[in-house]
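Below is one structure, written out as structure tokens; comments come after it.
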Amino acid sequence: MAKKNPNKEVIFEKRTSVFFKILIGLLFLAIFPISFSVFLTILSYRDFIFKSLLPDLPPERIQDALVIEQNIEIQAGLILFLSGIFALFLGLLISRHFSQAIGRISDGLKKVMAGNLDVKIKITSRDEIGEATYFFNKVVENLRESQLKLTTREKELREKTFELAGKVKALEISGKETEKARLAALNILEDIETARTELKREKGRIEKIILSLVDGLLVLQDNEILLLNPSAEEILRIKGEEIFGKSLDLLLQYPNLKILYQFLKKNIKKPIVREELVFKKPERTFQITLIPIIKGQDLVVLHDVTREKLIEQMKTEFVSLSAHQLRTPLSAIKWTLRMILDGDLGKITKEQRDFLQKTYLSNERMIDLINNLLNVARIEEGRYLYKLSLYRIEDIVQSVINSYKEETKRRKISLGFRKPKEKIPKLKMDVEKMNLAIQNLIDNAIRYTPSGGEVTVSLESDKKEIEFEVKDSGVGIPQNQQERVFSRFFRGANVMRMETEGAGLGLFITRNIIEAHGGKIWFESKENKGTTFYFTLPLKRT
Amino acid sequence: MAKKILLVEDEQLMIDLLKRKLTQEGYEISVAKDGIEGLEKMREIKPDLILLDIVMPRMGGFEVMEEMIKEEELKKIPVIVISNSGQPVELDRAKQLGAKDWLIKTDFDPQEVVEKVVKQIGR
């Protein structure tokens, strides 16, 4: 058996066999006592045989033999009895041995059947039963292990299941969230759609606005025309499709647009530029504005100012006419008085002369007033400065001062001029207006300075600007009226008491002139102490 | 021989005053009361100088000068514009049309007119 199975596990180092055990048992049970009794019988009968073989055997001897034979019987019986007990004992021993071993296995099996796998049977013999026990134990152990594995597996499975359940739940939750997200996404999409629609509508609106704009609009991209609204098409008398994507040079083919072309060529890449251009046939004036929108793109706005120009012209004409109407009689009065005063029309008495002199001055004031009103009207027209030319401001100041020499002498006012240390460069200005501004300031200083007072004019310059200053020791401007000094028709309360003459336009006009030249004007004043007016003019105008 | 001045002016008082003043100064004065009359007179008398008003009935001073430019004879006659308004636009236009000098009535007096006349043509 052992050799038939080469894979057989070696369980016991010294293995016994049940067969041999039973054999030995049987030998002890049967063969040995038989042999032993035979041996004893032979031994007992040896004497008897010896005596029977002898011829003269006395009767006592026969008796002896009988006794011996009886002894032998007893001995054999005893031996038999002893052998029986021994055999019984051995049998019991052997059967107990096997029965116990098998019983243990059976008990074990029962327990295993009942589900108890913690069974381990003690191996009491190294025979097949021992092997069986061993295998039993092994099987049980395997069983236990597999059950353990099973349990672990089950546990794992449970855990997995649990986990899975969790996941499923999570999935459910995330499913819900996904749903939510989906809805949100839908909402967003809807919003985007709304926004897009809105944008589209807005775009449409803007397009409509651009299309229906009265002003002509052109969008240029690096010397190419990108966009042209119908107004621009009409104004320029070109069709968009003819020129889209083509160079500005194309404008040259349209004779009327040469001016626009030149303007664009000259001004492109500059910040906002505005210029008036006159297109011919029909003659219309356009204000052209070039506005850089994004890098490389410029917007050109063509605004028809023909009507405005016409109105402007009409206004100028109206002002001119009014001036004519108002000034003609005043001029006539002036000239008449002048000629009478000069004696051109014959001699007059001293009294007549005095009255006429006063009338003449009143008339002069009237003329001044009208001139000032005309200036204000022109300021309001917005085109106040006319013809800028390079001029030396010092010359203007000097000539104004000269013109007041007589008056200051008469009124005993010292009029001084602190000339600049270095020669001030010529400056671009409207000479007539600048003259008026300086005259207004010096005139005010002299007029509101009492006899014996002082008026000092000074002129300074640095690299950036010219500063003009006229300081008087006059009546000053009341503190509470100082902020109104430059407004139209303003006259100081103290000055009104002192002298009724004056329209209150001088400083308004002066400020406008200075500011139109890019300068600033301000003053410092203390009532009854004096006033200093300052203005600055930038040497380089932006 | 006295130098001839043509005064083109519609305001009677101004005419009287200037005529008086300039005659006193020794000039011979002719008068026209509007542009059309002015052109006729200057063709006729060929004055040494024209004192020209701007705003006048029928034909204004600018139109008169525009016409003068067209005629060789008239082109040569110096013109001093006598204007009522001192608007730079007007003064510029007058210069463009060839006016030698200009004066604003309210800013000048007859004596100064005489000075300007003397400056142009002498006594």
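Points to keep in mind about this one:
- For the residues A:515, A:524, the requirement of being at pLDDT 85 or above, open to solvent by 30 Å² or more (accessible area, probe 1.4 Å) and part of a strand (DSSP E or B) singles out A:524.
- Of the residues making up the range A:241-264, those that are open to solvent by 50 Å² or more (accessible area, probe 1.4 Å) and within 14 Å of residue A:288 (Cα to Cα) number 3.
- Filter pass, residue A:142 being more than 30 Å from residue A:266 (Cα to Cα), in contact with a Gly (Cβ under 9 Å, 6 or more places away or on another chain), modelled with pLDDT of 80 or more and not in a loop (DSSP other than H, G, I, E, B): no
- Residues of the range B:88-117 that are open to solvent by less than 60 Å² (accessible area, probe 1.4 Å), over 18 Å from residue B:65 (Cα atoms) and facing chain A (nearest Cβ under 8 Å): B:105, B:106, B:109, B:110.
- Any chance residue A:488 is at pLDDT below 85 and charged (D, E, K, R): yes
- Helices (runs of 4 or more DSSP H) fully within the range A:340-429 counting 3 or more residues that are closer than 26 Å to residue A:313 by Cα and open to solvent by 70 Å² or more (accessible area, probe 1.4 Å): A:350-381
- Screening the range B:52-87 for residues that are within 14 Å of chain A (Cβ to nearest Cβ) and open to solvent by 20 Å² or more (accessible area, probe 1.4 Å) and picking the one that is nearest to residue A:378 (Cα to Cα) gives B:55.
The values are calculated or read from the model by the stated rules, or taken from the named source; none is laboratory data. Values in this document were obtained by computation on a predicted structure and should not be read as measured data. Positions of Cβ are backbone-derived with ideal geometry, glycine not excepted, and every protein chain shown enters the neighbour counts. Quick note on the areas: whole protein, heavy atoms, side chains included, nothing else; ligands and nucleic acids left out. Shrake-Rupley method; radii C 1.70, N 1.55, O 1.52, S 1.80 Å.
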